[in-house]
Number of protein chains: 2
Amino acid sequence: MLDDLDFLKDCLNEAAIRSGATVVGESFYHFSPCGVSGVVHIAESHISIHTWPEYKYAAVDVFTCGDDVDPEKAARLITERLGAQSHSLIELRRGIMEDSQVECAR
Amino acid sequence: MLDDLDFLKDCLNEAAIRSGATVVGESFYHFSPCGVSGVVHIAESHISIHTWPEYKYAAVDVFTCGDDVDPEKAARLITERLGAQSHSLIELRRGIMEDSQVECAR
């Protein structure tokens, strides 16, 4: 499945919807001999995946903003759909400014 | 410039080339009332940008793999082109496995 572009595209789109995000576009590429890179663009930033089927490894980024979108729901769905035997999750806060948090204005 | 889609597209493409990456595609969006989201797809993963002109803030991700690509060169170029008065840079290692580092097979 890490080499199945259509499956991964559906997976990321589903994850975006599950998180409450608004999908605005997508772009996916299949590499030779194997591997898929893809981005689902959302109004609240993006969800990306890069796979290395030869290593049974995938790197996923769920970049969201605002209080209405829950990136963990997206991450969880992707992890489940991929049937990951193990995964690690890192949360990074972006754009924190003194005394206030940047909110997505769009 | 944080609201100038064409400028940002050129900027990220130039950054990709500067870092030694191979560009395979791009997708950029302009939001209303303002703001740009864009991804330059590279064989070695991706470079993305999300801008909040109303906050004079941009979030850039430079995701690369392999020894031939230098993500810092891309980050530096983008920071310079945007004329950032301040910036913060965080480096995250992805996909490190026990006793070996994942190399990009493509």
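The values are calculated or read from the model by the stated rules, or taken from the named source; none is laboratory data. Owing to the predicted nature of the structure, the values given are computational and were not obtained by experimental measurement. In this analysis, Cβ positions are derived from the backbone assuming ideal geometry, glycine residues included, and neighbour counts consider all displayed protein chains.
Data table
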read-out	value
Subset tally (residues that are over 16 Å from B:G95 (Cα atoms), of a type in the set (D, E, K, R) and either surrounded by fewer than 17 Cβ atoms within 10 Å (Cβ to Cβ) or within 9 Å of the chain's Cα centre (by Cα) (or both)) for region A:31-72	4
Condition broken by B:K9, with the remaining ones in (1) crowded, with 16+ Cβ neighbours inside 10 Å; (2) outside any helix (DSSP H, G or I) satisfied	(2)
Filter pass, A:T64 being modelled with pLDDT of 95 or more, more than 30 Å from B:E54 (Cβ to Cβ) and among the polar types (S, T, N, Q)	no
Search result, residues across region B:13-30 that are of a type in the set (A, V, I, L, M, F, W, C), assigned to a helix (DSSP H, G or I) and surrounded by fewer than 23 Cβ atoms within 10 Å (Cβ to Cβ)	B:I17
Residue count, region B:44-82 (criterion: facing another protein chain (nearest Cβ under 7 Å) and in a loop (DSSP other than H, G, I, E, B))	0
Residue among A:I90, A:I17, A:I78 that alone is in contact (Cβ under 8 Å) with a residue 12 or more places away in the chain and of a type outside the set (G, A, S)	A:I78
